[in-house]
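We did not get these values from a lab; they are worked out from the coordinates using the rules stated. These numbers were taken from a predicted model, which means no experiment stands behind them. Methodologically, a virtual Cβ is constructed for each residue, glycine included, from the backbone with ideal geometry; neighbour enumeration extends over all protein chains shown.
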C-alpha cells in the first residue's frame, strides 16, 4: 500500500516487479492443474501488463512493442517450463526465472535511460542474470516431472 500511490519512476518500477512476481506466483500456485495453453496465455498477459506498467513512466516510443516482446517471452517460458513445473518451496521455476530476468532487464533499461549504464555494470548484470538462469536450470530435478 505504501508504493501504490507513488508515480515516480522508482516506485513504479517496484510496483511492476511486485505485481509481476505476485501474479505469477498466484498463477502457478493455483493453476497447477490448468491446461498448458491457459498457463501460457495468462503468463504472457501478466508479463505484458507488468511491462506496460513499467514503461508508462518512461518516454519510450516503442513501449507497446517492448511490452509485447516481454509478454511473448513470458508466454514462451511459461509454455516451456509449464510442462515440467518445479517449485522451490512455494515459488515456481517460471516465476523465479521471469522475475530474475525481468528485474535485471528493467534495471539495465533504467540505468541506460538515465545515462548511468557503463560497460562494467552491464557486464555485471548480464553475468548475474545468466548465472542465476544456469544454476536454476542446471540443478533442477527434471526427472519424471512431465504433466
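For residue 30, project a label point 7 Å along Cα to C-beta. Then give me every residue of the stretch 67-91 with its amide nitrogen under 18 Å of that point. Within reach of a label on residue 30: 90-91. Rounded to the nearest 10 degrees, the inclination of helix 36-55 to the longest alpha-carbon principal axis of the chain is 10 degrees.
Report relative contact order for the chain in percent, whole number only (criteria: Cα-Cα under 8 Å, sequence separation at least 6). Before the final figure, lay out the partial values.
Values: 138 pairs, mean separation 34.0, N = 147.
Worked out over the chain, it gives 23 percent.
Residue separation of residue 6 and residue 41 scaled by 0.36 nm, minus their Cα-Cα distance, works out to 9.7 nm of gained length.
Gain in length, residue 141 to residue 86, computed as 0.36 nm per residue apart minus the alpha-carbon separation, to one decimal in nm? Show your work: numbers first, answer last.
Working: separation 55, 0.36 × 55 = 19.80 nm, distance 0.80 nm.
Extra length from residue 141 to residue 86 when fully extended: 19.0 nm.
The angle separating the long axis of helix 93-113 from the principal Cα axis of greatest extent in the chain is about 10 degrees. Computed from Cα atoms, the angle from the helix 9-30 axis to the main principal axis of the chain rounds to 10 degrees. For the residues 32, 114, 100, a GNM of the chain with alpha-carbon springs under 10 Å puts the largest fluctuation on 114.
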